[in-house]
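The values are calculated or read from the model by the stated rules, or taken from the named source; none is laboratory data. Remember, predicted model here, so these are calculated numbers, not experimental data. FYI the Cβ positions are ideal-geometry reconstructions off the backbone, even for glycines, and counts take in every protein chain you see.
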Amino acid sequence: MRLIRIVALFALGLVCTWTGAQERYPNHPVTLVLGYSPGGIGDGVARQIAEFARQRRGATVIVDFKPGAASTIATSFIKRSSADGYTLGFLSPSAMYVLPHFQKLPYDPLKDFTYLGLVMAQPYPLYVRADSPFKTFNDVLAYAHANPGKFRWGTAGSNTLGQILMQSAFERDKVDAITVPFKGGSDAINALLGGHIEGVVSSDFGPMLAAGKVRLIVETGETRPMAQVPTLKELGYPLSITLKYGVFGPTALPAEVVTWWDSLLKEFAESPAYAEFAKKNYGIPIYASPAEVTQHVQQTYSRIGTAIKTLDLKPN
């Protein structure tokens, strides 16, 4: 009888040990979903996070793409995902702050997600081809006033944050310019280089700027990509918001998942390799705790909503 009891206790110990090992997060691959097309700055940051997770934690993070509808497709997917930490999203400002004010969506950015952290503040400028006649924002405004409907500018998606910021500036100056939404910033850049549009507002300009193929005209946020490029705020426009990238998941993620990602993203934001990547792409590494990024989302969502009503902006 005693032998049976010993064997039973030993077996129970093995089961508990096995169960604990199985439950330790993450014990299988995590999918990080992007609402952007491959090849842009968002893709680059997400892959940097995935590689850092592999090197520092031995974790497997797979970057998946669900582009379209200004990242609302990907964001809706995250909302429907299991709250176990194995399907997360790469935060899209347009899907979180802009689109919910224009249309009914299957998610509420203030209620349906757990925000895990911010990792980069990224310039979001209006830029043109390097051989373009437009040297300054005043050049763009003068041309657009003289040629209504002739200045065509691309965005990384319909009703993106960049579109709202630039549209608010154009509408204040009563400029008739044509917005051309694409599925991602890389698609818009290809159209620009091909001469199909005159300008682009996106965060994916870094490699093209380094190669001397584009010229920055004005920054829509508050982070200067270059000393000589003014911001909309400096030029007196009422709406200027810095684009910030981060990671989020479905609501009610386990505390263990939140803690794991908070720790990882803090180390990631402070790592020399990421600092070098950010510098090449004119970004600034940042760290924000889950509580801080949640507050940032709430405040930015409210600020964009107020601006849309005040400026009477319409969806494109």
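Details
- Qualifying residue in the stretch 134-145 (condition: assigned to a loop (DSSP other than H, G, I, E, B), touching a residue at least 24 places away in the same chain (Cβ under 8 Å) and not assigned by TED's automatic domain parsing to the domain that holds N190): no
- Candidates in the stretch 278-294 are the residues that are farther than 10 Å from G246 by Cβ and among the β-branched types (V, I, T); of these, the one that is surrounded by the fewest Cβ atoms within 10 Å (Cβ to Cβ) is I284.
- Residues that are touching a helix residue (DSSP H, G or I) at 6+ places or on another chain (Cβ under 7 Å) and assigned to a loop (DSSP other than H, G, I, E, B) were ranked within the stretch 201-229; the one that is farthest from V293 (Cα to Cα) is K213.
- Given (1) within 25 Å of K309 (Cα to Cα); (2) touching a helix residue (DSSP H, G or I) at 6+ places or on another chain (Cβ under 6 Å); (3) at pLDDT 95 or above, index of the condition I164 fails: (3)
- Within the stretch 230-250, the set of residues being within 14 Å of S203 (Cβ to Cβ) and in contact with a strand residue (DSSP E or B) (Cβ under 8 Å, 6 or more places away or on another chain) comprises T242, L243, K244, Y245, G246.
- Residue among S240, S186 that is over 24 Å from L34 (Cα atoms), hydroxyl-bearing (S, T, Y) and either assigned to a strand (DSSP E or B) or within 20 Å of the chain's Cα centre (by Cα) (or both): S240
- Taken together, E198, E270, E256, E276 contain a single residue that is assigned by TED's automatic domain parsing to the domain that holds R56, of a type outside the set (A, V, I, L, M, F, W, C) and in contact (Cβ under 8 Å) with a residue 24 or more places away in the chain, which is E256.
- Subset of the stretch 1-46 [modelled with pLDDT of 50 or more, outside any loop (DSSP other than H, G, I, E, B) and hydroxyl-bearing (S, T, Y)]: T31
- Lone unmet requirement of (1) farther than 30 Å from G195 by Cα; (2) outside any helix (DSSP H, G or I) for M96: (2)
- Boolean, G246 is at pLDDT 95 or above, surrounded by 22 or more Cβ atoms within 10 Å (Cβ to Cβ) and closer than 23 Å to G117 by Cα: yes
- A307 fulfils the conditions (1) assigned to a helix (DSSP H, G or I); (2) in the same structural domain as K111 (by TED's automatic domain parsing); (3) modelled with pLDDT of 90 or more; (4) not hydroxyl-bearing (S, T, Y) except for a single criterion, (3).
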